[in-house]
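Data block below; observations after.
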Amino acid sequence: MRATEIVKQLGVTHQRVRQLVIKLHAQGYVTFGDAENPFWIIRRTDDRTPLLSRDEERLLSAIPQDYVTNVVKIRLAARMPEIAVRKILSRLIANLFVEEFDGLQGNKVYRLSDTGHNHPQRDHSARRAAVPRLPVESDRIREVLSTISNAGALRIRDVTEVLGIPRKSINALMQYLKRKLLVKKTGSEFEAPYSLTSEGRAALAEMTRRRAA
């Protein structure tokens, strides 16, 4: 706990808190998280919660728990160099404070674990990293991906019939989704049906989640 938090909870002056903390430290009841700044973090001697450095605390506080985000968004929220963010992320993952997942387009994404969320040094009022942009975002694309997903695989003309999208438009859209690696043909025939790729399924799941939020 920070000295400022103790001041608020006890309703006494900073000077009085310092006097009490120094006395408790001399008696072996509390320890300091930073010897150079002893009143930054104070904890009970029997508390085995891993202490975070200032940069680790800052990064932990920038990572959301309700959704995944990437290094770029974390870097912007924490206002730290990317190389420092990656190093600290590795330590936070190793300590089970942050969870790492495979995201879209081969990128790694991150989310706070329950352990990280409950860490006493996490600043709940800190700026959170934003949600990364999806490779595709329109409602029409979500409808197309959802329709193909529900059927397992569909030919272009089937998608046209189900959604009522003009054939010329759906042809262009399917080629676009193919270039984005979200759909693929299930065979070599000219009119072979299309199915979703793993990227397409992940994109649809995230689009659906965001729409429901």
Using θ = phi - 60° and the Karplus form 6.51 cos²θ - 1.76 cosθ + 1.60, what ³J(HN,Hα) does each residue of the stretch 130-142 get, whole Hz, x for Gly and Pro? 6, 6, x, 6, 7, x, 9, 9, 6, 5, 5, 5, 4
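Over all directions, what mean area does the Cα convex hull of the stretch 139-212 project, stated in square nanometres?
4.6
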In a GNM of the chain with a 10 Å cut-off on Cα contacts, which of 77, 62, 153 has the highest mean-square fluctuation? 153
³J(HN,Hα) computed for each position of the stretch 179-189 - Karplus, 6.51 cos²θ - 1.76 cosθ + 1.60, integer Hz, glycine/proline x: 5, 7, 6, 9, 10, 8, 6, 8, x, 8, 5
Starting from the coordinates of the alpha-carbon atoms of the stretch 3-44, obtain the Kirkwood hydrodynamic radius over all distinct pairs and give the value in Å to one decimal. 10.3
Using a 10 Å cut-off around each Cβ, can you sort 43, 179 from fewest to most neighbouring Cβ atoms? 179, 43
Cut-off under 5 Å, modelled amide H: who pairs with residue 30 long-range: 25, 45
With a 10 Å cut-off between alpha carbons and a GNM built on the chain, which of 161, 82, 57 moves the most? 161
If 72, 136 are placed from fewest to most neighbouring beta carbons inside 10 Å, the sequence is 72, 136
What order do you get for 101, 32 when you list them from fewest to most C-beta neighbours inside 10 Å? 101, 32
Top mean-square fluctuation among 100, 137, 189, Gaussian network model of the chain, C-alpha springs under 10 Å? 189
Using only the alpha carbons of the stretch 54-117, determine the length spanned along each of the three principal axes and report them from longest to shortest in whole angstroms. 32, 25, 19
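Considering all alpha-carbon pairs of the chain, what whole percent are spaced by more than 26 angstrom? Each step should come with its number before you reach the end.
On the way: 12092 of 22578 pairs.
The calculated P(r) of the chain puts 54 percent of pairs beyond 26 Å.
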Setting aside same-chain residues fewer than 8 positions from residue 168, which lysines have a Cα under 27 Å from its Cα? 178, 180, 184, 185
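Each value in this text was obtained by applying a stated rule to the coordinates, not by laboratory testing. None of the values given here were measured: they were computed from a predicted structure. A quick note on method: Cβ atoms are made from the backbone with ideal geometry, for glycine too, and the neighbour counts reach across all protein chains shown.
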